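Following: one structure in structure tokens, then a few remarks.
The values are calculated or read from the model by the stated rules, or taken from the named source; none is laboratory data. None of these values were measured; they are calculated from a predicted model. Note: ideal-geometry Cβ built from the backbone for every residue, glycine included; neighbour counts use all protein chains shown. Side chains are part of the model used for accessible areas, which takes the heavy atoms of the whole protein and leaves out ligands, DNA and RNA. Shrake-Rupley method; radii C 1.70, N 1.55, O 1.52, S 1.80 Å.
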Amino acid sequence: DVVETQEHYKSRWRSIWIMYLTMFLSSVGFSIVIMSVWPYLQKIDPTADASFLGWIIASYSIGQMVASPLFGLWSNYRPRREPLVISTAISVAANCLYAYVHVPHSHNKYYMLTARALVGFGAGNVAVVRSYIAGATSLTERTSAMANTSACQAVGFILGPVFQTCFTLIGEEGVTWKFLCLQLNMYTTPVLFGAVLGVINIILIFAIFREHRVDDMGRQYKSINSDGEGSDVLDQNTEGSIDHVAVVALNILFFVILFVFAVFETIATPLTMDMYSWTRKEAVFNNGIILSAIGIESVIAFMVVKTLAKKTGERAILHAGLLIVLIGFFILLPWGKKLPNIQWQDIKNNSIPSTAPSEMLAPFWSLPELQLPSNHTEPVGCPVAQSWCLNTPMIYLAQYISSDVLIGLGYPVCNVMSYTLYSKVLGPKPQGVYMGWLTASGSGARILGPVFVSQIYTHLGPRWAFSLICGVVVVSLLLLEIVYKRLIAFSVRYGRIQE
């Protein structure tokens with residue numbers, strides 16, 4: 001039997017490539033301004049402080065968390081083109097709002113908060129993207145397609161800051177179009193560029209994107225939201241109930257995976273400043289290089305895992321990915337005896353807490369060194385206000401780099417395998433809502449991760465922070481072992497296809 005015509009096959013994959021582009025642009029929308037939010041916020045509203053910056057960064061994930069299930073539900077009952085176009089249009093409008101947040105005479109920071117929240121709301125379309133790809137691919141195509149989707153997302157996160165760097169050549173003043181009340185500068189041009197990309201994306205969705213659904217064998221059939229597109233093939237494989245235990249377990253595992261990576265991203269700059277006496281500029285520059293290298297490593301991992309999964313299966317690779325992440329954080333624990341350098345300014349200003357720990361009574365030769373910066377303008381080293389600096393061994397640079405490499409390898413592997421297993425467990429039924437919940441769980445992890453690590457790290461230090469992370473990963477590995485046999489494709493579970 002002919003599974004599908006050549007024309008249908010080409011149309012189906014053209015539509016999938018449009019989904020890849022949508023995923024890429026969604027991640028670019030987040031990362032293209034991430035480096036410039038703080039200086040732009042300080043420029044437009046001097047009343048904004050660092051804590052408000054945290055809310056602005058988190059607003060993107062909050063918006064995405066709210067929107068994902070809604071767009072997913074919409075895509076289950078209506079043509080997917082509708083939520084895709086509307087969500088992208090919201091992102092375009094939000095980017096334009098971001099370019100105009102300097103215009104009001106007051107409360108500018110709240111306009112910026114609203115703009116970033118709406119950009120995140122528009123990014124809720126990733127649930128629609130992944131549900132479409134899950135429904136438009138056979139079991140044999142699924143892992144590769146999900147890996148490509150995650151790779152496009154990763155490339156977007158990598159190239160966003162690159163675009164931002166290029167636009168810095170315009171400068172802070174740039175060009176002002178008074179008749180439009182628009183300033184084209186290094187802060188506004190990136191978002192306007194993102195808005196133009198969004199308009200192009202909408203045009204391509206109308207021109208090229210078509211509704212397609214195939215079953216696990218690759219046979220096409222008309223879906224409830226296909227608006228006449230597709231072919232009338234009996235939908236005989238949708239009978240049977242979804243294994244909700246496996247669904248909940250994968251949501252928890254996905255939350256843990258994004259939680260630990262959010263922790264890793266958040267802690268990188270303060271950790272390196274405390275441990276290696278790097279200045280703010282050095283920390284941003286050096287970690288930027290490291291994170292870029294990790295991004296390239298992740299893209300390579302996405303590509304390799306497609307081939308590897310065909311030989312070992314998704315469950316084994318997910319297990320291996322979690323083990324790699326666990327080893328990465330285990331290496332990051334303080335193991336040596338040398339203490340980090342202490343900021344000289346804290347000592348100079350007599351800001352050592354009067355309730356200093358007992359270690360402060362130790363002989364002088366066992367106390368950490370005081371770090372005197374060459375420029376004498378910016379204090380560097382571990383602030384004595386963090387009492388753990390006085391008794392917790394430093395994390396050596398080799399440890400940090402090794403941990404970066406391992407986490408940068410384990411995270412993309414876990415990410416792809418979670419999405420792939422999730423889509424296979426759900427089977428041929430519409431997956432919009434379920435994909436929305438999975439995306440929402442990831443957004444929640446990106447909100448809670450930075451809050452968790454900032455509190456634990458500041459008050460208890462890296463030993464407690466990374467030990468707790470190791471414990472969370474160990475628990476997730478135990479959960480994976482418990483549900484391991486249940487993480488099978490819908491069609492395999494009901495005996496329609498052999499695993």
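Of all the listed residues (Val101, Val128), the sole one being touching a residue at least 12 places away in the same chain (Cβ under 8 Å) and either in contact with a Pro (Cβ under 8 Å, 6 or more places away or on another chain) or among the aromatic types (Phe, Trp, Tyr) (or both) is Val128.
The number of residues in region 432-442 being closer than 13 Å to Asn125 by Cα and polar (S, T, N, Q) comes to 1.
Answer with yes or no whether Gly198 is at pLDDT 85 or above, small (Gly, Ala, Ser) and not in a loop (DSSP other than H, G, I, E, B). Spelling it out, Gly198 is indeed at pLDDT 85 or above, small (Gly, Ala, Ser) and not in a loop (DSSP other than H, G, I, E, B).
Ile34 satisfies every condition listed in (1) farther than 30 Å from His212 by Cα; (2) β-branched (Val, Ile, Thr); (3) surrounded by 17 or more Cβ atoms within 10 Å (Cβ to Cβ) except (3). In the set Thr149, Thr137, only one residue is outside any helix (DSSP H, G or I) and farther than 19 Å from Cys96 by Cα; that residue is Thr137.
Against the conditions (1) closer than 30 Å to Ile488 by Cβ; (2) surrounded by 23 or more Cβ atoms within 10 Å (Cβ to Cβ), Pro190 satisfies every one except (1). The residues of region 48-80 that are open to solvent by 50 Å² or more (accessible area, probe 1.4 Å) and in a helix (DSSP H, G or I), listed by number, are Ala50, Ser51, Trp55, Ile57, Ile62, Met65, Val66, Leu70, Leu73, Trp74, Tyr77.
For region 279-328, a residue qualifies if it is part of a helix (DSSP H, G or I) and either of a type in the set (S, T, N, Q) or touching a strand residue (DSSP E or B) at 6+ places or on another chain (Cβ under 9 Å) (or both), and the qualifying residues are Asn286, Asn287, Ser292, Ser298, Thr307, Thr312.
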